[in-house]
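Participant: Starting off with a structure, shown below.
The values are calculated or read from the model by the stated rules, or taken from the named source; none is laboratory data. Being a predicted model, the structure only gives us computed values, none of them experimental. Here the Cβ positions follow ideal geometry from the backbone for every residue, glycine too, while neighbour counts run over all protein chains shown. Just the protein is used for accessible areas: all its heavy atoms, side chains included, with ligands, DNA and RNA removed. Shrake-Rupley method; radii C 1.70, N 1.55, O 1.52, S 1.80 Å.
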Amino acid sequence: MSMNCCATTVPHHGSFKVFPQAVAAWQERLQAGLSRSIRASDQTMGHLEEEILHRTRELERAVLEAAAQSKADQAPPVCPVCGNKLSRVTPGHERSYQTRFGLVTIRRARGWCRRCKCWRFPADHVLGLAETGSCSPGVQEMAALAVSKLPVGEASAVIERLTGVKLPRATLDREARRQGKRAESKRQEMDEQCSRGLVREQQVSELRRPEPVEPFTLVIELDAWNIRERNEEQWGRAEELRQNGEEPEWWHWVYGGTCFRLSQRVETPGGRSVILSRGTVMTRGGIDALKQQVWAEAMRHGLAQAQDVLVIGDAAVWIWNLTEDRFAGARQRLDPWHALQHLWAVAHALHPEDEAAAAAWIKPLKDKLLESQAAEVIDELDTVLEHLRGARRKAVQAERNYLENNQERLDYRGAKERGEPLGSGAMESTCKQYQGRFHRSGQFWTTAGDEALMCLDTFWRNARWSLLFPHVPAGFNPSRN
Ligand SMILES: [Zn+2]
């Protein structure tokens, strides 16, 4: 019996009545294959899995092709964009798509829209294939997900092994870029809805509660990390540049923020803090882009209803400027690890050669700082300063002034009492996860490419994958897996 018999017994036109025949033929082949594996002494359940996956594929492909054709045939001959009736309609315009089950060919009707002055294929809109290349929605999702997690070459091999879908690197790269751009447009649209006050419909579903809302604290953590990109103008000129003493790569800032309601931060039985629902933004578009995105995300998490807003960040000046600009009146907190770095700078200035002495010196001050006794720490530094001259005095003075200027941001005891995170660890660990992907080699070493890819990854993390791919169940949340 031929391996391709399903393709010939399942007709193109969506009449499903011949399916039992195709299924019977498939069953027979599958049974034969499985029997061989069962008899073979050296084959495991893995071989059975492989056999079923392999033998079922052509049936799945044929079923998809017939079902999609039936759906295409139902599309009314009207313009899917303006609703005008199409003229000069002709049937049978073939187009093939790479799907989860292999190549599927659909014959579509084509008609002229007098109003839009262009040819239309109503079936493409019904099937969700209107603005796509050669990939079905399922394969588009696959490309977007795999490339946002893995370098393109690896993604291609992993997809082929796990799903059997063969997507050459160039196709995969192109498709992932296309999906990334689509994600960026979707983000833009959602953020603009926030600015126009349409945030209610957009609110994160698991936070939607019957009114009135209990008073809550909204926590916002901000951070930045470096990404290495190649400048497109410099492609192929690396040697030339190096000879001139220039490096053909640059490091750029990626800005990120995450926000959540304090009530969403809970402790696991093991004593670890987890955040049940939070929204993250990550952008290569500079501080202004971050400002717009993090504000919109905060709105989606209830900024307008929050009784109290807390912004946590490291020492970077842009964080406090952004806070004053977009979250005026918010409480501010300096990450304690970063605050302690300033005390360590003093410790090392006082005991440059003696790490043990530096550690002994810092111990009581560190405890005071974490107990919200910054004023006492500053007094202590003033005492130290009385005996210092020259460069060391200057160094210690700078750290002392830094702590004084940030005194309002050092209430760690209050934070502990209110059950708040002390520092911006949640955001820092998120940044590390992004770095895990973006510090690997890949095809996306341009600003535009990185932004598109990061945007995809952010939809995934924020459990909004179904907004990009409507066939994904709306409740799908990767962080709960
Ligand atoms: Zn039209």
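Participant: Could you grab the Rg to Rh ratio for the chain? Cα atoms only, Kirkwood for Rh. Mind dumping the intermediate values first?
Facilitator: On the way: Rg = 29.4 Å, Rh = 27.1 Å.
Result: Rg/Rh = 1.09.
Participant: Continuing with this model, one more query. Could you tell me the extents of the stretch 365-459's C-alpha atoms along the three principal axes, largest first, rounded to whole Å?
Facilitator: Result, largest extent first: 57, 39, 18 Å.
Participant: Per residue, how much accessible area does the chain show when a 1.4 Å probe rolls over the protein heavy atoms, in square angstrom? Intermediate results must be reported in sequence, preceding the final value.
Facilitator: Values: 24700 Å² over 481 residues.
It amounts to 51 Å² per residue over the chain.
Participant: Taking the alpha-carbon centroid of each part, what is the distance from the stretch 56-81 to the stretch 358-396 in angstrom?
Facilitator: 73
Participant: Sticking with this structure for a sec: Are there GluC sites (Glu not before Pro) in the stretch 358-446 that DSSP puts in a loop and that have at most 16 other Cβ atoms within 10 Å, and which ones? Walk me through the intermediate numbers first.
Facilitator: Numbers: sites: E371, E376, E380, E386, E399, E404, E408, E417, E428; in loops: E371.
Sparse-neighbourhood loop GluC sites (Glu not before Pro): E371.
Participant: Here's a follow-up. On a full-extension model of 0.36 nm per residue, what is the gain between E94 and A289, subtracting their alpha-carbon distance, rounded to one decimal in nm?
Facilitator: Taking 0.36 nm per residue and subtracting the Cα distance, the gain is 65.9 nm.
Participant: Roughly to the nearest percent, how much of the accessible area of the chain is carbon and sulfur, given a 1.4 Å probe?
Facilitator: Looking at the chain in its full context, I get 52 percent from C and S.
Participant: Would you please calculate the Kirkwood hydrodynamic radius of the stretch 101-152 over all C-alpha pairs and express it in Å, rounded to one decimal?
Facilitator: It works out to 13.1 Å.
Participant: Let me ask something else about it. Given H placed on each backbone N at 1.01 Å, which residues far from T217 in sequence or on other chains put an amide H within less than 5 Å of it?
Facilitator: L262, S263
Participant: Given the whole protein assembly as supplied and a 1.4 Å probe, what does the accessible area of R120 come to in Å², nearest 10?
Facilitator: Counting only protein heavy atoms, the figure is 40 Å².
Participant: Looking only at chymotrypsin sites (Phe, Trp or Tyr not before Pro) in DSSP loops with at most 14 other Cβ atoms within 10 Å, what is the longest site-free stretch of the chain?
Facilitator: Answer from the scan: 236-475.
Participant: Binning every alpha carbon pair distance of the stretch 50-134 at 5 Å from zero, what are the percents per bin?
Facilitator: 3, 15, 24, 21, 14, 10, 7, 4, 2, 1, 0
Participant: Let me ask another. Just want the answer: with Cβ charges of +1 for Lys and Arg and -1 for Asp and Glu, which residue in L103, L127, M142 is farthest toward the dipole's positive end in the stretch 22-171?
Facilitator: L127
Participant: Let me ask something else about it. Quick one: which of K394/K416; K166/K432; K363/K432; K363/K394; K186/K432; K186/K416 span more than 27 angstrom between C-alpha atoms?
Facilitator: Correct reply: K394/K416; K166/K432; K363/K432; K186/K416.
Participant: Nearest 500 deg cm²/dmol is fine: what mean residue ellipticity at 222 nm does the chain get from its DSSP H runs of n ≥ 4 alone, each adding -39,500 (n - 2.57), divided by its residue count?
Facilitator: -16500 deg cm²/dmol
Participant: Bin by bin, in steps of 5 Å, what percent of the Cα pairs in the stretch 283-376 do you find, going until the bin that has the longest distance?
Facilitator: 3, 11, 17, 17, 14, 11, 10, 9, 6, 2, 0
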